[in-house]
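Right, one structure below, let's go through it.
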Amino acid sequence: MAKRFNEENSIADVLKQFIIQNKLETGMDVVNVREAWQNVMGNGVNTYTTEIQLKGNTLYVALSSAVLREELSYGKDKIITMINEELRKELVKQLILR
């Protein structure tokens, strides 16, 4: 049975506790990384993005354009920084473009 709190808690706090207690952080990180990629990269890159996977601290992104993949490979460090800032935590350490 769940704990009952005498104090009032915000829904955000309750959801965070639920996620932590049920060990759902990794699944939420996968969803959050996909949203962060879409927000950071914009519609132009998202139209060529076919797959986004997070395995450990490595983000794998499949692109349908070889030209775009080459262009993005020059700014990997900046992309990682922008995604981590969007997530508000150091989650992605490496970016692999396929």
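The values are calculated or read from the model by the stated rules, or taken from the named source; none is laboratory data. Being a predicted model, the structure only gives us computed values, none of them experimental. Here Cβ is always computed from backbone atoms with ideal geometry, including for glycine, and neighbour counts include all displayed protein chains. Just the protein is used for accessible areas: all its heavy atoms, side chains included, with ligands, DNA and RNA removed. Shrake-Rupley method; radii C 1.70, N 1.55, O 1.52, S 1.80 Å.
Exactly one residue out of Thr50, Thr26 is modelled with pLDDT of 95 or more, open to solvent by 50 Å² or more (accessible area, probe 1.4 Å) and of a type outside the set (Phe, Trp, Tyr), and it is Thr50.
Assess whether Tyr74 counts as being surrounded by fewer than 12 Cβ atoms within 10 Å (Cβ to Cβ), more than 12 Å from the chain's Cα centre (by Cα), modelled with pLDDT of 95 or more and not charged (D, E, K, R). Answer is yes for this residue. Within this structure, Ile20 fails the test of being in contact (Cβ under 8 Å) with a residue 24 or more places away in the chain, loosely packed, with under 14 Cβ neighbours inside 10 Å and not charged (D, E, K, R).
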